[in-house]
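*Asks:* The structure that follows is given in the form of structure tokens.
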Amino acid sequence: MNAMLKPDSAEPAAVAASAAPTRRPRRPLAANSTARARQQVSATAMKIVAPLVGAALLVLVWQLITVNNASFPTPMVTLQEAIKLFSDPFYRNSPNDQGIGWNLLASLQRVAVGFGLAALVGIPLGFLIGRVQFVGSMFGPIISLLKPVSPLAWLPIGLLVFKSANPAAIWSIFICSIWPMIINTAVGVQRVPQDYMNVARVLNLSEWKVLTKILLPSALPYILTGVRLSIGTAWLVIVAAEMLTGGVGIGFWVWDEWNNLNVPHIIIAIVAIGFVGLLLEQALMALARAFTYEQVSN
Amino acid sequence: MDDPKFIDIEGVEMVFHTKKGTFHALREIDLTVRKGEFITLIGHSGCGKSTLLNLIAGLLKPSDGVLLCANREIAGPSPERSVVFQNHSLLPWLTCYENIHLGVERVFGKTESKAQLRERTMQALALVSLTAAETKRPHEISGGMKQRVGIARALAMEPKVLLMDEPFGALDALTRAHLQDELLKIVAATQSTVVMVTHDVDEAVLLSDRIVMMTNGPAATIGEIVDVKLERPRDRVALAQDARYTEYRSAVLEFLYRKQAHPAKEAA
């Protein structure tokens, strides 16, 4: 019989319930602020000290390797080279002798173009595959067959079709970026909660409204996961592709420095490639967080 | 009121074909609903009451039999039979205003100006006393408020029938009581025809003109119908002392726990 309560007493209860969450955090904070501060200190220590220890260990191992191996540069030598290199990253002596900044930007540009084209084709195709079962069955086997193929295997086809190195490298990026985007978009569209689709049916929304108001926002986190995977792979592939095609670009630069037997530069390039990849990943993670909607239960 | 067969359900059967085989959910459902009537469907879990509601909504198609609304066959979902879903089903990326406006725009967008559409949306928000929550998103408001937005969304389309699938099931008792009272007021003001699924006996007696009690599944059907002849407006506190209220209540309890006693292992 607890449902049989005075309506007057129910109203303030509902109001209080909605106001409570804003009040709650203050109390525990005041009560054990010292304990919490201590916890915070140890958490920051974990965040900063532990990675530093890891890095120090890596440098130590590196140093030990160089002791018995004269061809391998010591950490100190590499650091000095890096300072020299990054003090002037944007110089241009000849097409084959440009600063590391230009090389990184050239690679990033190829990734952006190849990836952008892949998004333009892959996301709409993913929508179709996820929404129309026939299209899904049509492309399913083809995608399963082509997805495991290394994008570099497509490079000769690109060279054949485009007769030029740069578009061929972009073509490889396009191929490697498109699969995660198609698949994740399709999965996202298929996983739109049935509740939302029922809302669309009851409101009798047009296909365009269903697409823009329900499918797209609901599938967006999946699409962004696809984008993140694509960018990650694209950044892996561009280095290899550029080693094969030549020109300006961080991959070619690594290969060029190998031909010059400039090992410190190769190590610097490895770190720089890793750093750029990390930045791309973090940027896309932030983007994904901004567009992930809370799945509200009740 | 006027049309005694506003919703007309004749000989409806519902069989689901699943991977595990066929499941006969509903058999021989015959029911008519008057215009302006408030009907609740009650029964143990798994008795197919939500299935029946979804059939009226047009979200499901019957395996056999016909469903008519205002003398037209129910061929699919339509804004004229709007649904308040159990879990409110608000779109989390839209504000409360936009959630309601989506339906309003669809129903009245072709005939009315933008200002009129806005006016309708704001009226719907005001009807459930949520004008202040206009720009909030669903995750920023409480469960009871979300359900109120769900009701506002359904009502804003001026449906011929309001279908509610355990709309207050997930709410705490106080909020539920408050929303039941609000619903009574809204229904009285809008003269809506309502079909509501519930598993709460008090809710059924308080709100309904008739309580449709369903037998246990599989192959569930309508067991008994209780005519609740309590005058409106109803006041829950006064009714608690009313002998007729207690009588209706025990009639439903008798049906649910004596005649249709659910096997203990399946009871939810």
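All of the numbers you see were taken from the coordinates with simple rules; none came from a lab. Because the structure is a prediction, the values reported are computed rather than measured. As a convention, Cβ positions derive from the backbone with ideal geometry for all residues, glycine included, and neighbour counts pool all protein chains shown.
*Asks:* With θ taken as phi - 60° and the coefficients 6.51, -1.76 and 1.60, list the Karplus ³J(HN,Hα) couplings across the stretch B:216-224 in order, rounded to whole Hz; mark glycine and proline as x.
*Replies:* With coefficients 6.51, -1.76 and 1.60, one gets 6, x, x, 6, 6, 8, 6, x, 9 Hz.
*Asks:* What is the distance, in nm, between label points placed 7 Å from the Cα along the Cα-to-Cβ direction at A:Gln39 and at B:Val66?
*Replies:* Between A:Gln39 and B:Val66, the label points sit 6.7 nm apart.
*Asks:* When ranked by the protection proxy of mean other Cβ atoms within 10 Å per residue, highest first, what sequence do the peptides A:153-165, A:170-182 form? All intermediate terms of the calculation are to be shown ahead of the outcome.
*Replies:* Working: A:153-165: 14.8, A:170-182: 25.4.
Result, highest mean first: A:170-182, A:153-165.
*Asks:* Using the alpha-carbon atoms, what tilt in degrees (0 to 90, nearest 10) does helix A:33-67 show relative to the longest principal axis of chain A?
*Replies:* That helix lies at roughly 20 degrees to the long axis.
*Asks:* In addition: Evaluate the distance, in nm, between pseudo-label points positioned 7 Å from the Cα of A:Ser137 and of A:Lys163 along their respective Cα→Cβ axes.
*Replies:* Modelled inter-label distance: 4.3 nm.
*Asks:* Using alpha carbons only, how many degrees (0 to 90, rounded to 10) separate the axis of helix A:7-23 from the longest principal axis of chain A?
*Replies:* It works out to around 20 degrees.
*Asks:* For chain A, what does the helix formula give at 222 nm: sum of -39500 (n - 2.57) over DSSP H segments with n ≥ 4, over the residue count, nearest 500 deg cm²/dmol? Before the final figure, lay out the partial values.
*Replies:* Numbers: 12 runs with 228 residues, N = 298.
Only helices count here, giving -26000 deg cm²/dmol.
*Asks:* Once you average over the residues of B:82-89, how many Cβ atoms of partner chains fall within 10 Å of each Cβ? Display every interim value, and only then the final one.
*Replies:* On the way: counts 2, 5, 1, 4, 2, 5, 5, 9.
Whole-number average of other-chain Cβ neighbours for B:82-89 is 4.
*Asks:* Quick one: net charge around A:Asn262, please, counting Lys, Arg +1 and Asp, Glu -1 for every other residue with C-beta under 15 Å from its C-beta. Walk me through the numbers before you get to the answer.
*Replies:* Values: positive: A:Lys84; negative: A:Glu81, A:Asp97, A:Asp256, A:Glu257.
My count for the surroundings of A:Asn262 gives -3.
*Asks:* Next question. Sorted by mean Cβ packing within 10 Å, highest first, what order do the peptides B:165-177, A:209-221 take? Don't skip to the end; give the middle numbers.
*Replies:* Working: B:165-177: 21.3, A:209-221: 18.8.
Listed from highest to lowest mean packing, they are B:165-177, A:209-221.
*Asks:* Then there's this: Enumerate the residues in the stretch B:152-170 having an amide nitrogen under 17 Å from the point lying 7 Å beyond the Cα of A:Ser206 toward its Cβ.
*Replies:* Inside the label zone: nothing.
*Asks:* Which value at 222 nm does chain B reach when only helices count, each DSSP H run of 4 or more adding -39,500 (n - 2.57), with the total divided by all residues and rounded to the nearest 500 deg cm²/dmol?
*Replies:* Details: 8 runs with 91 residues, N = 268.
Mean residue ellipticity at 222 nm (helix-derived): -10500 deg cm²/dmol.
*Asks:* Can you pull the mean other chain C-beta count within 10 Å for peptide B:74-80?
*Replies:* On the way: counts 0, 0, 3, 7, 4, 4, 1.
Average per residue, whole number: 3.
*Asks:* What are the residues whose amide H is under 5 Å from the amide H of B:Glu224, where those residues sit 5 or more places off or on another chain and H is modelled from the backbone?
*Replies:* So B:Glu224 has HN proximity to B:Met213.
*Asks:* Sticking with this structure for a sec: Determine the alpha carbon to alpha carbon distance for each of B:Lys49/B:Lys229; A:Lys209/B:Lys136; B:Lys160/B:Lys185; B:Lys49/B:Lys259; B:Lys114/B:Lys160 and list only those over 19 Å. Walk me through the intermediate numbers first.
*Replies:* Numbers: B:Lys49/B:Lys229 23 Å; A:Lys209/B:Lys136 21 Å; B:Lys160/B:Lys185 17 Å; B:Lys49/B:Lys259 17 Å; B:Lys114/B:Lys160 23 Å.
Beyond 19 Å between Cα atoms: B:Lys49/B:Lys229; A:Lys209/B:Lys136; B:Lys114/B:Lys160.
*Asks:* A further question on this structure: Per residue of the stretch B:18-32, what does 6.51 cos²θ - 1.76 cosθ + 1.60 with θ = phi - 60° give for ³J(HN,Hα)? Whole Hz please, x for Gly and Pro, Karplus curve as stated.
*Replies:* With coefficients 6.51, -1.76 and 1.60, one gets 10, 5, 7, x, 8, 10, 7, 7, 10, 9, 6, 8, 10, 7, 10 Hz.
*Asks:* Moving to a separate point now. Post the alpha-carbon centroid distance, the stretch B:178-255 to the stretch A:77-147, in whole angstrom.
*Replies:* 63 Å
*Asks:* Here is a follow-up. Order these peptides, B:90-97, A:189-196, by their mean beta-carbon neighbour count within 10 angstrom, highest first. Please report the intermediate quantities before stating the final value.
*Replies:* On the way: B:90-97: 21.4, A:189-196: 16.1.
Top to bottom by mean Cβ count within 10 Å: B:90-97, A:189-196.
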